[in-house]
Amino acid sequence: MEKASVAGNGAGTLLGSQEQLKPGTAQQAAVPNAGLGMGTPALVPGRVVEGEVVSGDSMGRILRREGMAASAADELIRALSGSLDLGKIRPGQTFTLRFAPNGELLEFEFQVTKVRRVRARRGPDGKLIAEKLEASTELRQEPLGGEIEGSLYESLQRAGEDTSLVSFFVDVFAYDLNFYVDTHPGDTYRMIVEKEYLEGEFIGYGNVLAAEYAGKAGTHRAFWWQAPGGETGKYYSESGQSVEKTFLKTPLKFARVSSGFNPKRMHPVLHVQKGHWGTDYAAPPGTPIWSAAPGRITYRGRRGGAGNCVIVKHENNLQTIYMHMQGFKRGQKVGTRVRAKDVIGYVGSTGLATGPHLHFAIKKNGHYIDPQKMKMARGAGVAKKHMKRFHVDTAKRVALLGDITADKAIPNPFVVRLGS
Ligand SMILES: [Zn+2]
């Protein structure tokens, strides 16, 4: 796709930001055929290049590909350090390069997210100066409701919502509902969700402020509320009880139980009766794994057939063990304190594993127990002295939640198909 432009027009041609970019190709706004051949594109005076980061790219590689000399690329990279983490550029991010007629770089702009950009421009002294730019967004509170029809993923899609909302929903009820077995057709959900907009365009979800799930497993409600002086908001029931339990029912989202606790099971790789002392959750590789409860990491490394393994020690002589991880969460080590739901690693198939899954085990007083049968204690509720305020703050949301109609039939979002 050629862009209309005039070569050597001095200022270069700014392309409209609405232009569609083909992944992996830089769009040359220059004289036709200039620089579009194999190898290094020729520098065309006054040209503008719009491009996209592709897999395996580094900033140096991108700039070489766009025909910049090593010294010019170094100058830009030096200017960007401090404003742009060059180690974290990802495929799909876009950039624009604008050159002067003499081939000198005038401006570089890198779109970090839809909201964040980094721009390097020449100052009055001719030096490149980088700055971070952030677009202002609007946060709206929106009601949402539906009925479960069969299975929840396509459901939210059908309701016109991004399926990433499923994870928010699962998060809210991770402590009360086992979403593999507790969701049924005819169940309803209602929620009030923060949605972030950039110039009218939806760009992502904020917090789920209130949520309700009603079905065979009972009616569960959760309200996001931050106690005065509290570090962050937490989820509470209408009466101010914590909906967060000290042990998560499942230490990851989007998974299915592929093998339960069974002391007599034949080992699928070794083919001997070895017993299965935990629960296997099949999940896509890279799925984040949470610590099931607050505690301290006591093991983190390779461990024979367990592959990459993390062990967390908790109160009451409990330990949780997580196996076959693809990798560990950066920045943690043996001795690191973790909270419930802190990511500790990612699903993989290291060690003796037939496919990507998390083997999750719990030891009580040194003996394996069935994670599915764990009795869970609730987290701390709203403090008595804050109860009045809590009720005032949540009353409005309780009323709003009650007004949401759940008449849109949607499939069950909790049933996630794997490997397809
Ligand atoms: Zn297992």
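Every number in this text was worked out from the coordinates using simple rules, so none of it is lab data. All of these numbers come straight from a predicted model, not from anything done at the bench. Don't worry about glycine lacking a Cβ; one is built from the backbone with ideal geometry, like all the others, and counts go over all protein chains shown.
Pop the C-beta distance of Gln93 and Arg140 into the FRET formula with R0 = 25 Å and round what comes out to the nearest 0.05. Don't skip to the answer; put the middle values down first.
Working: r = 26 Å, r/R0 = 1.05.
Plugging the Cβ-Cβ distance into 1/(1 + (r/R0)^6) gives 0.40.
What residues have an amide H closer than 5 Å to that of Lys234, excluding those fewer than 5 places away on the same chain, when H is modeled at 1.01 Å from N in the peptide plane?
Answer set, sorted by chain and number: Trp225, Gln226, Ala227.
7 Å from Cα along Cα→Cβ at both Glu199 and Ala395: what's the point-to-point distance in nm?
4.3 nm
What FRET efficiency do you get for Thr405 and Asn207 if R0 is 22 Å and r is their Cβ-Cβ distance, rounded to the nearest 0.05? Each step should come with its number before you reach the end.
Details: r = 22 Å, r/R0 = 1.01.
Taking R0 as 22 Å, the efficiency between Thr405 and Asn207 is 0.50.
Taking a 22 Å limit on the Cα-Cα distance, which of the listed pairs Lys114/Lys253; Lys249/Lys313; Lys253/Lys384 fall beyond it?
Numbers: Lys114/Lys253 26 Å; Lys249/Lys313 17 Å; Lys253/Lys384 33 Å.
Result: Lys114/Lys253; Lys253/Lys384 exceed 22 Å.
What is the sum of charges, Lys and Arg at +1 and Asp and Glu at -1, for the other residues whose Cβ falls under 12 Å from the Cβ of Arg98?
On the way: positive: Arg47, Arg119, Arg121, Arg122; negative: Glu50, Glu66, Glu104, Glu107, Glu109.
Cβ neighbours under 12 Å give a net charge of -1.
For a quick check: sort Lys373, Lys127 by the number of other beta carbons within 10 angstrom, fewest at the front.
Working: Lys373 8, Lys127 11.
With the fewest neighbours first, Lys373, Lys127 line up as Lys373, Lys127.
Each residue of segment 319-324 in order: what ³J(HN,Hα) in whole Hz does its phi give by Karplus 6.51 cos²θ - 1.76 cosθ + 1.60, θ = phi - 60°, with x for Gly and Pro?
Karplus values, whole Hz, x for Gly and Pro: 10, 10, 10, 10, 10, 6.
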